[in-house]
Amino acid sequence: WVDVYPNKGKRAGAFSAGEPGTSPFIMMSYNDNLFSLSTLAHELGHSMHSYLAWQNQPVLYGDYSLFVAEVASNFHQAMVRAHLLERHPDPDFQITLIEEAMSNFHRYFFIMPTLARFELETHERIERGEGLTADTMIELMADLFSEGYGGGMAVDRQGVGIIWATFGHLYEDYYVYQYATGISGAHALSQRILSGEDGAVQDYLNFLKAGDSVYPLEALKMAGVDLTNPEPVRVTFGVMADLIDRLEALLSAPA
């Protein structure tokens, strides 16, 4: 069930929700473009994960941890992009699709790890007995983003610095870093399937069906990815590099 269209008073963003015995429900505002398509694919990944866990586990184990939640969502996005890149050769379409992919990688491989650094530092300051104020957190957030961009961008220190108060994911302890691990696990798994590896599809479905019946790292190992080592991250950076190479080739091709 999808609450599809923009509407007066409707909140921004998108999410999938529901409980055992219901359908998964998706809230989003679909705008008939590739970014909306990718958002829908993302939320359908969550919904498929929830549905299969509910169908195959008792209520006690019918949920799943945040650590694996962003795997299924990013997996769906990765598979949709691969499908569209293969089926739609139009250069303008491919450039737009790569733009959407780069936006996603920027969010999950730069924004989220930067927020994770902020979260870790604030917790460590409290553990050292240091206080936190709005001003010190604004300065910390602005410093981290400035460092991350490497001097290549002018940072509005007040605007960027206040992200800590406005980014809802930071109100779930140690959530933000799990987007980076999630997108890494997702692309490692999608590469298994896209390369035609034997058993990869069933391994992935077994992972979704497992819910909370096994620990998250073990569930991912069932699917064929080990997030205790950096290989899935390397694979995902490889996917990103391939997309950049494709974009450069598209932009340099004669009109």
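The values are calculated or read from the model by the stated rules, or taken from the named source; none is laboratory data. Everything numeric here is computed off the predicted structure, so don't read it as measured data. As a convention, Cβ positions derive from the backbone with ideal geometry for all residues, glycine included, and neighbour counts pool all protein chains shown. Heads up: the accessible areas ignore ligands, DNA and RNA and are worked out on the full protein's heavy atoms, side chains in. Shrake-Rupley method; radii C 1.70, N 1.55, O 1.52, S 1.80 Å.
Couple of notes before you dig in:
- Distance histogram in 5 Å bins (all Cα pairs of the chain, percent per bin): 1, 6, 11, 15, 16, 17, 15, 10, 6, 2, 1, 0, 0
- Residue-count net charge about residue 51 - beta-carbon cut-off 13 Å; Lys, Arg +1, Asp, Glu -1: -2
- Loop-located trypsin sites (Lys or Arg not before Pro) in segment 110-211 (DSSP state other than H, G, I, E, B) with a sparse environment of at most 14 neighbouring Cβ atoms within 10 Å: 128.
- Sorting the Cα pairs of segment 174-236 by distance into bins of 10 Å, from 0 upward, gives 23, 55, 21, 1 percent per bin.
- If you take all other residues with their beta carbon under 12 Å from the beta carbon of residue 180, and give Lys and Arg +1 and Asp and Glu -1, the sum is +1.
- Separation of alpha-carbon centers, segment 83-146 and segment 1-44, rounded to whole Å: 22
- By the rule of a C-alpha distance below 17 Å, with chain neighbours fewer than 8 residues away ignored, the lysines paired with residue 221 are 209.
- Computed [θ] at 222 nm, deg cm²/dmol, the chain (DSSP H ≥ 4; -39,500 (n - 2.57); rounded to nearest 500): -20500 deg cm²/dmol
- Cα convex hull volume per residue for segment 135-255 (Å³): 176
- Along principal axes, Cα extents of segment 147-201, largest first, whole Å: 51, 30, 12
- Rounded if a/c under 1.5, otherwise prolate or oblate - segment 49-160, Cα gyration tensor axes: oblate
- Amide H within-cut-off set for residue 25, under 5 Å, with H built and near neighbours excluded: 17, 18
- Counting protein heavy atoms only, segment 1-91 has 58 percent of its accessible area on carbon and sulfur, 1.4 angstrom probe.
- GluC sites (Glu not before Pro) within segment 156-255: DSSP coil, no more than 15 neighbouring Cβ in 10 Å: 172, 197
- Potential lengthening between residue 36 and residue 82 on full extension [0.36 nm per residue; Cα-Cα distance subtracted]: 14.9 nm
- 10 Å Cβ shell holding at most 13 others, DSSP loop, chymotrypsin sites (Phe, Trp or Tyr not before Pro): longest site-free stretch of the chain: 2-173
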